[in-house]
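These notes concern the structure reproduced below.
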Amino acid sequence: MAATLGQLAAQFGCELVGDAGVVVKRVGTLGSAAPDAVTFLANSSYRAQLKHTRAAAVILAPRDRDACPVACLVHAEPYLAYARIATSLHPPASAVPGVHMSAVVAASARVSPSAQLDAHAVVGSDSTIAADAVVGAGAVLGANVSIGKGTRIGARVAVLDGVRIGARCIVHPGAVIGADGFGFAPDSGKWQKIPQVGSVIIGDDVEIGANTTIDRGAIEDTVIEDGVKLDNLVQIAHNARIGAHTIMAAMSGVAGSTKVGKRCMIGGGTVMINSLTIGDDVTITFRSIVTRSIEEPGTYSGHLPAEEAGLWRKNAARFRKLDALADRLIEAERALERITGSKSKNKDD
Amino acid sequence: MAATLGQLAAQFGCELVGDAGVVVKRVGTLGSAAPDAVTFLANSSYRAQLKHTRAAAVILAPRDRDACPVACLVHAEPYLAYARIATSLHPPASAVPGVHMSAVVAASARVSPSAQLDAHAVVGSDSTIAADAVVGAGAVLGANVSIGKGTRIGARVAVLDGVRIGARCIVHPGAVIGADGFGFAPDSGKWQKIPQVGSVIIGDDVEIGANTTIDRGAIEDTVIEDGVKLDNLVQIAHNARIGAHTIMAAMSGVAGSTKVGKRCMIGGGTVMINSLTIGDDVTITFRSIVTRSIEEPGTYSGHLPAEEAGLWRKNAARFRKLDALADRLIEAERALERITGSKSKNKDD
Amino acid sequence: MAATLGQLAAQFGCELVGDAGVVVKRVGTLGSAAPDAVTFLANSSYRAQLKHTRAAAVILAPRDRDACPVACLVHAEPYLAYARIATSLHPPASAVPGVHMSAVVAASARVSPSAQLDAHAVVGSDSTIAADAVVGAGAVLGANVSIGKGTRIGARVAVLDGVRIGARCIVHPGAVIGADGFGFAPDSGKWQKIPQVGSVIIGDDVEIGANTTIDRGAIEDTVIEDGVKLDNLVQIAHNARIGAHTIMAAMSGVAGSTKVGKRCMIGGGTVMINSLTIGDDVTITFRSIVTRSIEEPGTYSGHLPAEEAGLWRKNAARFRKLDALADRLIEAERALERITGSKSKNKDD
């Protein structure tokens, strides 16, 4: 969807430096954008790349405007401005109203005339598909499912009985929403399944990644609040609650009944064990394992970076004896005390 | 499925304290159960919640009976009793016999008249679907697949050629059973694929989570014994064997040819490397990496909990020099010996 | 597909010790191969198993030939010879030309007459399916997708708009290729989606595991070069590039814009954070977290093996105070210096 730089500047609140009549049709990278593309510079440490760009214009911050050899769209938050302008140039496809003849839709389902149901989609009894929603090819919606206005269910997504998804959500292919939570009672060396009678309630503007799984609640519901963004291969267990506008990167997971606050940022591969409460505005870096509730906003970490194997092996071997090493240090400190007759300053445990 | 408290007490071996004629229709939580619901107290540390419950009755242990303000169903194992009573009140749906007209079933497949095949299900040649089994919408079964009595294959599950699944299993949507194991021989900087000619054999009463993957064996079979419970996004590699009644939480994995014993409990995110033997009754807590065989029953761990980022960063930086720190400690101990003329008591490596 | 030992020796460059006329029909393990099977011994530490084998012949290295009680096919790289011979005995099924009547193929799609499209497969507009390709049951290909010659797309795979897959690839069931990358700009406590307008380009001879996800690029493409092998439940984020003949085991992941070199070996569960460059011929063992670019070929590690829970707990508690312990060691060293009047030899930080 083409636009002039003047139109983009006006619509997205940028100051334009350059020719307002130039037409742009797409986005590109600083390094390889074509002359009909707009690009962006969000991180000034890449400023050196500016001078080689062939883009029609660069979206950038005031601090970088003088270094830009081509037109620029100046905005205090250039990455955000880029996101909006890119969406304007590359808008998501609209629903093409209609039900593909191979789709299987229960007679009692209510499908908006403006919704799009693709080939081999399945919609169960008493389910509702709101206006402008899309149900992708091979997606399977169970009974009593509710899909909100403008929500896009990807190909081969499974949404099980009773799950409610709000408006303007995007669910990527392969996601499974509403499978049974993992609940069993021990029974003389075997396991007795506990019925999972809750459901999953998903707010508006939620995005759910490919092959991500969100389990239904054991008794009450699993809840994903408005604006949550989940990446691929994420696991949300039964009765978890993910607070509004929290973002979770790929392969992260939340165990049963854990409540995550609003506006949290959860790094890739991070796992939270069950029954925790994580407050609002908590950032947890990648690949951490969270075993305690966290009240304080802030950043938390839990990974040890990979090292050359020989160095790693030596350190890992010492870790295996870390408690013994600590005891030896205490012993050495005591020996020193006996010699010097004074206590070590750092003695604190 | 409604029942009176008297019926539940009689059927599930509970002592009833209260009115045997009260009818319950569902389960609820201690905190929000409606007056037609039964709830449970399995962990006495939540006993304080008892006094506010509006449930018709609480399933609880003898030690908690006197604290219960409403009717109670007393049982030595209240969580197990709850699981059974909840199943009685919320029984799994029975198969609705019949093959949906959009299903594609090979002429040579044998499908029990009491089995249910949903929309767009696919059943390959010479496969067998036993009585009361359900094959969900869009599920794909290859050739020579066997599905046991009463087993429920979820929507969009893939079961590949030759896989055998026992009776009363539940396979949740998106699971893939019998894809090729990951086997390649190095070939001058490239990889030569090794045919994966084994299959997957799954016992009775197994539950397999959403988007979990179980690979077929390279030569012999991958085996999941009776009563195993696998959560979502679990990976079982070729030629692994998971012993009866072992339970594996989400995002855990077992690499090739590793044998896990019976009644093991594997925490979420835990990974076992290839070719290990893990004995019976081994518990491994979440997010561990198991690199050695384990013979002894017991509990094993391997995670470092996340901490406030500043503290974590300092400790992680020290870990990087742990071997050097240990050497310095040894040096300090030696210096002390030279001074005191005696050996440190803790000197053991 | 049966062959005589003489034929196999000639075709695969082995020296035959034994009767050239013996017919073999399948592969087996050393321990349980039937008399019509060929097996292999690649690791001499299993040599003791040779004497019990009932196989028709054993593929082995020159060093093991004298220990073999049955016929043998001697080759300098017995595992590679086994891979080739096994492929010869168990060749992958050929495409059965034709489009199943339940498949939905856009009028503008170009499907080779020799391609096989299974039940409920969906092919979008302007997509191309080359000769001898297979599109499995329920697989969904979007618009403008290109599938190369002889490539096998498994059941229920999703390949989104514009993705190009080369020749002779294997994509296992449930994989999702070309879903949106995970890109959002912060917007006053909410998130603004960034359109993901790049695609995914996959080379020849690539294998992609079950339920693995490969995201499309934000602006430019995500690239998987020739000969890459990805196991199950792997995550490749937007704009990543995986170099030719690199192999990644299950549950590993690469974050956005990270470039992995050629012939790398990435262990199961290993994660690389975003925007790194990993050189060629780098091996990273299982469950590592890679946070820095790696130039040097070699082996890198990052896991701490699980231990008996009591020992682990003690060491983990000490880790939590590792920085303080190190400070105390420094203090002890200083005290020793004050006593001895000389500097510790190991004092290096």
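The values are calculated or read from the model by the stated rules, or taken from the named source; none is laboratory data. Note that the structure is predicted; figures quoted are calculated from it, not measured. Because the Cβ atoms are built from the backbone with ideal geometry, glycine has one as well, and the counts that use them run over all protein chains shown.
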Would you point out which residue out of B:ASP221, B:ASP226, B:ASP280 is of a type in the set (Asp, Glu), over 24 Å from A:ILE273 (Cβ atoms) and in contact with a Ser or Thr (Cβ under 6 Å, 6 or more places away or on another chain)? B:ASP221
Quick check: anything in the stretch B:276-296 of a type in the set (Phe, Trp, Tyr) and facing chain A (nearest Cβ under 10 Å)? yes
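In the stretch A:317-332, how many residues are crowded, with 20+ Cβ neighbours inside 10 Å and within 7 Å of chain C (Cβ to nearest Cβ)? So that I can check it myself, show each step before the final result.
Of all residues in the stretch A:317-332, those crowded, with 20+ Cβ neighbours inside 10 Å come to A:318-319, A:322, A:325-326, A:328-329, A:332.
Of the ones still in play, those that are also within 7 Å of chain C (Cβ to nearest Cβ) are A:319, A:322, A:326, A:329, A:332.
Going through the stretch A:317-332 one residue at a time, the tally reaches 5.
Can you go through C:ALA210, C:ALA218, C:ALA240 and tell me which one is in contact with a Leu (Cβ under 8 Å, 6 or more places away or on another chain) and of a type in the set (A, V, I, L, M, F, W, C)? Can you show your working first?
Working: C:ALA218 fails: in contact with a Leu (Cβ under 8 Å, 6 or more places away or on another chain); C:ALA240 fails: in contact with a Leu (Cβ under 8 Å, 6 or more places away or on another chain).
After ruling out the rest, the residue left standing is C:ALA210.
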B:ALA93: farther than 19 Å from C:PRO173 by Cα, within 12 Å of another protein chain (Cβ to nearest Cβ) and out of contact with any helix residue (DSSP H, G or I) (no Cβ under 6 Å at 6 or more places or on another chain), yes or no? yes
Subset tally (residues that are at the interface with another protein chain (Cβ under 8 Å from one of its Cβ atoms) and either within 30 Å of B:ALA55 (Cα to Cα) or hydroxyl-bearing (Ser, Thr, Tyr) (or both)) for the stretch B:96-121: 1
Search result, residues across the stretch A:218-261 that are farther than 28 Å from A:LYS193 by Cα and touching a His at 6+ places or on another chain (Cβ under 6 Å): A:GLY227
Residues that are touching a helix residue (DSSP H, G or I) at 6+ places or on another chain (Cβ under 8 Å), more than 23 Å from A:ARG328 (Cα to Cα) and among the polar types (S, T, N, Q): does the stretch C:336-348 have at least one? no
Could you tell me how many of the residues in the stretch B:158-179 are closer than 20 Å to C:GLY209 by Cα and either surrounded by fewer than 24 Cβ atoms within 10 Å (Cβ to Cβ) or among the hydrophobic types (A, V, I, L, M, F, W, C) (or both)? 11
Could you please find all residues in the stretch C:64-81 being farther than 13 Å from C:TYR46 by Cα, of a type outside the set (Phe, Trp, Tyr) and free of Cβ contacts under 8 Å to residues at least 40 places away in the same chain? C:ASP66, C:PRO69, C:ALA76, C:GLU77, C:PRO78, C:LEU80
When both residues are 6+ apart or on different chains and their Cβ atoms are under 7 Å apart, which pairs have a first residue that lies in the stretch A:240-258 and is away from chain C (no Cβ under 13 Å) and over 23 Å from C:THR213 (Cβ atoms), and a second that is among the charged types (D, E, K, R) and in a strand (DSSP E or B)? A:ARG241/A:LYS259
Might you check whether a residue that is away from every other protein chain (no Cβ under 13 Å) and in contact with a strand residue (DSSP E or B) (Cβ under 9 Å, 6 or more places away or on another chain) occurs anywhere in the stretch B:74-81? yes
Which members of the stretch C:106-158 meet the condition of being of a type in the set (D, E, K, R), touching a strand residue (DSSP E or B) at 6+ places or on another chain (Cβ under 7 Å) and closer than 20 Å to C:GLU207 by Cβ? C:ASP118, C:ARG152, C:ARG156
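Can you give me the ranges of the strands (runs of 3 or more DSSP E) entirely in the stretch A:1-80 with at least 3 residues that are of a type in the set (Phe, Trp, Tyr), surrounded by 17 or more Cβ atoms within 10 Å (Cβ to Cβ) and modelled with pLDDT of 95 or more? Outline the logic, then answer.
Values: elements: A:15-17, A:37-41, A:57-60, A:71-74.
Result: empty, no element qualifies.
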